[in-house]
Amino acid sequence: RSTNPPPQPTEYALNRPRRTLGGQKSQLGDTTESLDLTDLQEFMGPIGAEGGRCQPFAVTISEDAVLVMDFHAHLSSCEVIGLLGGTFDTNTKQLVVKGAYPCRRTAGSDSTTSVELDPASQVIVKDEMATDGLIPVGWYHSHPIFEARPSAKDNENQRNYQAFAADKSTGLEPWVGMIIGPYDEQLPTPASHVQAWVVRSQNKNVIPYNIRYQKDPPKARITPALVKRLESALENLVGDPGRLNMQQLWRPFTFYRQGLPEGPAMKRSEKLRAALNSHLPIQDQPDAVSQFHQTIDAMFLKYWGTRLFDSNA
Ligand SMILES: [Zn+2]
């Protein structure tokens, strides 16, 4: 049995103030979820190998999908939710996430409860996936202003999804959960926190595990299909109680350097643009990226009636 040392926590994880039940007082924006976050464990050994603590399958995630999730997550102070479409190969134990499909949340679930998929929206999205030649291989949701670690309820939901997706012949459960944290003020840079995870049941406990994944392609491709996904995210949230005013302040600085805040204040619109740029080929295709931002601006005007960026700015 290997005795790998535990991985070093990232600087973000180290500096991040912990909020636990019975710990600090709740803060503005805390929900029943944010007070009940769980600690992710690390898989050990080779991916797909037999053995209790190996990651059960390899995961590849398209940056197109990450961009759509991240965009969706920036739009509401309530948690947003969607499904991940892709493929799974039982023989090679390869799960590939090719696209993210924004869904509506169930009526009545708001910022104070954990988010659930609206069944009607789910049916529509699964049809779209089938048209694209994909199957559902996971789900995502946002933690608008708190850490992208799963709550106990998230772990329960993930366990149920995994059981539903289970392949009876192999015992594999090809279903990955993703959490996007866009507006946590402790983020080291304007890039959002992105977490992929699965759960394992151990001694009646449901334990969350970090999923290691490769990015392919590593930068999002600007295509009509990508734009369509962003449009559906905006359209779904037209009447949303948590719909955000993108002109308001995100935080009074840009990034942390050696633990100290630096750089000018950022509006939410600027935070969104910086986050999107972290997924886009800004080095190789600056003109296409700039055109893409104009397309997004026009989409905000069309669906929400306001521009993302002040035209006089
Ligand atoms: Zn959650």
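Considering (1) away from the ligand (no atom under 16 Å from the Cβ); (2) surrounded by 18 or more Cβ atoms within 10 Å (Cβ to Cβ), say which one E235 fails and leave the rest. Checking E235 against (1) away from the ligand (no atom under 16 Å from the Cβ); (2) surrounded by 18 or more Cβ atoms within 10 Å (Cβ to Cβ), the one that fails is (2). Within the stretch 175-193, the set of residues being of a type in the set (D, E, K, R) and within 14 Å of the ligand (Cβ to nearest atom) comprises just one member, D184.
Considering the conditions (1) assigned to a strand (DSSP E or B); (2) within 16 Å of the ligand (Cβ to nearest atom), D39 is excluded by exactly one of them, (1). Taking the listed residues L272, L280, L276, the one that is within 17 Å of R229 (Cβ to Cβ), at pLDDT 95 or above and in a loop (DSSP other than H, G, I, E, B) is L280, with no other qualifying.
Residues in the stretch 256-276 that are open to solvent by 60 Å² or more (accessible area, probe 1.4 Å) and closer than 21 Å to F309 by Cβ: P264, K267, E270, R273. In the stretch 55-64, what count of residues is obtained for those that are farther than 15 Å from W175 by Cα and open to solvent by less than 10 Å² (accessible area, probe 1.4 Å)? Qualifying residue count, the stretch 55-64: 2.
The values are calculated or read from the model by the stated rules, or taken from the named source; none is laboratory data. Quantities reported herein were computed from a predicted structural model and do not represent experimental measurements. Cβ atoms come from the backbone with ideal geometry, glycine included; neighbour counts cover every protein chain shown. Only protein heavy atoms, including side chains, enter the accessible area calculation; ligands, DNA and RNA are left aside. Shrake-Rupley method; radii C 1.70, N 1.55, O 1.52, S 1.80 Å.
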